[in-house]
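Participant: My structure is below; once you've seen it, I'll send some questions.
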Amino acid sequence: MIDWRNRSEATALATEPASFKAPLFYSLIERLDAQRRCVVLDLGAARTQTIALFSHYRCRLDIADLGESLQRLDDIDEAEQPEALPAMAESLLPQRHGEATDVVLCWDLLNYLDRPRLRAVMSRVAERARPGALVHALIAYSRPNMPTAPGQFVPIDGDQLSDTVPHPEDRAAPRYSPDDLLRCMPGYAIERAMLLRNGMQEFLFELQRHG
């Protein structure tokens, strides 16, 4: 017999926003100089809490919301159209405004890109960023599965992030290793990496040169 009461409780718990400590994200925020202009490229969705956080600094925040455009990247056959994938990646990023990017927020988006698409997106990001730019990312690492779609993370409580739109269903995770990521991200180096308690690996990359 199925215990529907316990099943409902489990479902409710699975869909509650999960928060977790993200030390590298907040170490990145601590490096920002309130007196120096900074250009931030957010590859995720526009979220009020993120906008409010960067409003304390002299930042221009460019929002890409690539999670809504993944299908457009997936529809391209890179074997038949080798130039189409980089061109599509560029078209999905915000318009350039003549200022180099200083900070890039990937959230968990990289998990949803296969290797050719990961390389295409991050090479286009590198072209608009300055050497020394910092890139933050969350990589599904310890667990074999991840949500079916990218999260929408927001900063909360001073040192934590929360996914405001959790997905109860899941799919297989690519579980990219640090070497996998670096092979797909020429020109970037890992500055720091930490395994978080939720099974994700938190990364800070530094752009050393254009890929």
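The values are calculated or read from the model by the stated rules, or taken from the named source; none is laboratory data. From a predicted model like this one, the values you see are computed outputs, not experimental measurements. FYI the Cβ positions are ideal-geometry reconstructions off the backbone, even for glycines, and counts take in every protein chain you see.
Participant: Would you call residue 129 more than 15 Å from the chain's Cα centre (by Cα) and either surrounded by fewer than 19 Cβ atoms within 10 Å (Cβ to Cβ) or more than 22 Å from residue 186 (Cα to Cα) (or both)?
Facilitator: So residue 129 does not fit the description; no.
Participant: Among the residues of region 1-49, count how many are modelled with pLDDT of 90 or more, out of contact with any Phe, Trp or Tyr (no Cβ under 8 Å at 6 or more places or on another chain) and part of a helix (DSSP H, G or I).
Facilitator: So the answer is 10.
Participant: Tally time: how many residues in region 133-175 are among the hydroxyl-bearing types (Ser, Thr, Tyr), part of a loop (DSSP other than H, G, I, E, B) and under 22 Å from residue 65 (Cβ atoms)?
Facilitator: 2
Participant: How many of the residues making up region 142-155 are of a type outside the set (Ser, Thr, Tyr) and surrounded by fewer than 15 Cβ atoms within 10 Å (Cβ to Cβ)?
Facilitator: So the count comes out to 3.
Participant: So, one more: Every residue in region 181-211 that is under 16 Å from the mean Cα position of the chain (by Cα) and assigned to a helix (DSSP H, G or I), please.
Facilitator: 181, 182, 184
Participant: Would you check which residues across region 56-80 are of a type outside the set (D, E, K, R) and under 20 Å from the mean Cα position of the chain (by Cα) and list them?
Facilitator: Matches in region 56-80: 59, 61, 63, 64, 66, 67, 69, 70, 71, 73.
Participant: So, in region 96-126, of the ones that are among the β-branched types (Val, Ile, Thr) and not in a strand (DSSP E or B), which residue ends up farthest from residue 144 (Cα to Cα)?
Facilitator: Looking at the filtered set, the residue picked out is 125.
Participant: Quick one: what pairs do we get from region 54-67, first residue under 14 Å from residue 155 (Cβ atoms), second acidic (Asp, Glu), C-beta under 7 Å, 6+ apart or different chains?
Facilitator: 61/42
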